[in-house]
Each structure stands twice: as structure tokens, then as C-alpha cells.
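What follows is a set of notes on a single structure, which appears directly below.
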Amino acid sequence: MPVPSHVAASETGDALLLTPGPLTTSRTVKQAMVHDWGSRDAAFIRINRMVMDRIVEIAGGVGTHVTVPMQGSGTFAVEAMITSFVPRAGKLLLLVNGAYGQRAIRIAKTAGRAVAVLETPEDTPPDLARLDAMLAGDAAITHVFAVHCETTSGILNPIREIADIVAKRGRRLLVDSMSAFGALEIDASAVRYDALAASSNKCLEGVPGLGFVVCREEALAACAGNATTLVLDLHDQHEGFRKNGQWRFTPPIHVIVALGRAIEEHRAEGGVAGRGGRYRENGRVLIEGMRALGFRTLLPDALQAPIIVTFHMPTDPNFAFQRFYDGLKDRGYVIYPGKLTVADSFRMGCIGRLYPADMRGALTAVREVLDELGVAVGSPAMAAE
């Protein structure tokens, strides 16, 4: 194999992760994990409290909301949110346009909750008129679940408009903001929700292992007895913190300390506006460059979140995704396969400790690999769809 002319690496020599998470993290976030703390030690309790307080600040919920962290991946937080907030006699309407909405259906059904589903294709936002009609026509629906940015496609769903309809109909909103929180605005003072789930290893640029739910405190207080599992009971978890500041069960200490460092770096970058601005520029460079190479994006610009971008597979018979993937990895860039039913595709992320120069490097690598494969992607004019 020819030696690549351009090989990228992170601050620690690892490949750059152009994925929806886990992500490339800073050297200082990694270094935060080299020490040990006792889970009952006052120093760790202070760090944990800082993390919880700062997350509420990022959410715009100071005075009205609290953070309830949960060991595990983001899905643990989503399951804790659904099973803690939706009463056993409640009914959950799920807005679905991708794999993470489908996963929420499985969570709700596994927990024995009644469900209704409003599904649209993976490249199509929820039908807001239909949402309003379903809420008007079914008094049994108590809660609505929506995904902020559905990473199956990279689509940005209209969360504020959804929240307005749910509030108008007197129902309660649960949000999966896993891939958006910390980079895309969702201010709790303007978007009314009972709970919002996210995690440490997305736009906050921490490491995997911690989910959390930002809860409207008044709504959380009414959740006692709803949970179907002990470990995922957000009400009980919050009560433990409220009483003594400690976790009920062994916390992922190193992950939390690393998140504390990541949150400090998030603030230094300018918070949501600063982090989101860098990601938007990453996305612009990536999309414009890939289109110039002849690739077509799945989504129009109006629906595209600056988180992860889905591209149609080239139709050239010389193109083989695994060889394309391997060629990019050899050059220091890890991308993601597609997860769609509507199109044969692959995905490239814009988030993590990446900058526009990294995206330009990735584009150089894409061009090299295409040349190596003998692929002519197509006319750049085709890419403007």
C-alpha cells in the first residue's frame, strides 16, 4: 500500500474520531483521569457537585432544574428518564425519525408503559400538525418523547416548536439531547421540558461512562414510585444527593473528574455559543469540501445539525466502503458507517476536539483514498441537492 501523504493524529497520537461518540478528547481531559479519589472523599464530592451545578447552568435551568447523573452510557440516562418520569399508568407518545427514537420505543415497552408512535422517515422532521392532532385526540397520553438531534441521519428536530405544542396541550415533554447538549441551544427557560437526557462523551467532550438527566425539580418530586428498577430510579438517586451529596452505588469517579475538566474547557471556549460555533464551522468545511468532491448529503442544509453529516454512498463500482474506511483510518481518521433504511450511506462527525484544520485534513485524506481506489465520485454539481 502506498504511504499516505497526509496522516493525522490527536494530541496524544491517536486517530481523530469523526464519529458521533465516543469522541476525540483533549490531552488535559485524559490527564484528569490519572489520579484516584475515594467516592466518599470530600474532594471528590466537591468535584461531583461542581459538575452537577455546571450542567444545570449550561442548560439554563438554575433555580428550576437539577442534574441527576446516572452511571453508564447515554442510553442508561434515557431509560432512567422514561421509566422515572412516565407513571406506570401513563402513556408515552414517541416522535421517531431514527434509531434512537426506535430504541426509546423498546425501552418504554420493556418497562410496560403504554405507547403511541408518530413516525416519519429518517430524513424528515416530525409532523407538528399530526402531533397536535394526536394530543388533542388521545387524553390518555401523559408524556411526549422527542430526540433533539437524531444521529442516525444528523437531522435537527424542531424541539422548541414541539415543546410549545406539548405545553399548549397540557402534556409533559422528555427530550433526548444526547448529541446536541452543550453545543446547540436548548435553554430550559425558553423550552419547557420535564427532563432532558445527555451524556459525558458528546458535545461536552468528556469520556464515556456517565449519563445525566436535567430535571425540572418540581416534576422530579412527583416521580416517587414510578421507576421499574432500583438502579435507574432518578427520584431515589436525587434524594441521595440531596441528603448527603453522595452516590447510592459506586460512581464512575474518573469519568466524572474528567467531565469536570471538560466542562471547564467548555466554559473557556465560550459555552454553548462557542462550542456550537466551532462545530458549525467544522460542519461547513466538511460539507462544502465533500460536495466539491462530488458527494451528496442526505439532508438539505435547513435540516442539518452541525453534529454528524450523512453522505450517500458513491455509485462508482470501484467504491467499497470497508476499503474507504480502512484507507481513512490508515491516515488517522475514523468515520462511521450508515444507519439508515432510506439510503445507502456513511457518516462523518463534526464534534469532539476537532477544528476546521482537522476537517480540511480529512478532506485531503478522502481525496487520496478515492484516488487509490480509482473512484470517480461524480460531478460536483450533483452534490448540491
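Data overview
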{"item": "Packing-based exposure ordering (other Cβ within 10 Å, fewest first) of H235, H254", "result": "H254, H235"}
{"item": "Percent of beta bridges antiparallel (DSSP, the stretch 37-268, rounded to nearest 5)", "result": "45"}
{"item": "The chain shape via C-alpha gyration tensor axes, a/c threshold 1.5", "result": "oblate"}
{"item": "Neighbour-count ranking [beta-carbon atoms within 10 angstrom, fewest first] of I256, I307, I45", "result": "I45, I256, I307"}
{"item": "Prolate/oblate/rounded label for the stretch 1-123 (Cα gyration tensor, a/c 1.5)", "result": "oblate"}
{"item": "Average Cα contact separation per residue, the stretch 296-385, under 8 Å, 6 or more apart, as relative contact order %", "result": "38"}
{"item": "Acute angle (nearest 10 degrees) that the helix 74-85 long axis makes with the longest principal axis of the chain, alpha-carbon atoms", "result": "30"}
{"item": "Average Cα contact separation per residue, the stretch 37-268, under 8 Å, 6 or more apart, as relative contact order %", "result": "28"}
{"item": "Cα centroid of the stretch 315-380 to Cα centroid of the stretch 51-127, whole Å", "result": "32"}
{"item": "Selection from F311, G72, A262 lying farthest towards where the dipole of the chain points positive, charges on Cβ", "result": "G72"}
{"item": "The chain: calculated mean residue ellipticity at 222 nm from DSSP helix runs of at least 4, using -39500 (n - 2.57)", "result": "-12000 deg cm²/dmol"}
{"item": "Listed pairs K168/K202; K168/K339; K30/K329 exceeding 27 Å between Cα atoms", "result": "K168/K202; K168/K339"}
{"item": "Global form of the stretch 59-158, assessed from the alpha-carbon gyration tensor, a/c cut-off 1.5", "result": "rounded"}
{"item": "Footprinting exposure proxy for M50, M290 (fewest neighbouring C-beta atoms within 10 Å first)", "result": "M50, M290"}
{"item": "Tilt relative to the chain, helix 253-268 - C-alpha long axis, 0 to 90 degrees, to 10", "result": "70"}
{"item": "Label-point gap, in nm, between L230 and R27 - each point 7 angstrom along Cα→Cβ", "result": "4.5"}
{"item": "FRET E, pair D127, E372, Förster distance 45 Å, beta-carbon r, rounded to 0.05", "result": "0.55"}
{"item": "Summed residue charge, Cβ within 15 Å of P20's Cβ, Lys/Arg positive, Asp/Glu negative", "result": "+1"}
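Read the figures in this text as sums done on the coordinates, not as results from a lab. Please read these numbers as outputs of a predicted model, since none were measured by experiment. Cβ sites come from the backbone with ideal geometry, for glycine too, and all protein chains shown count toward neighbours.
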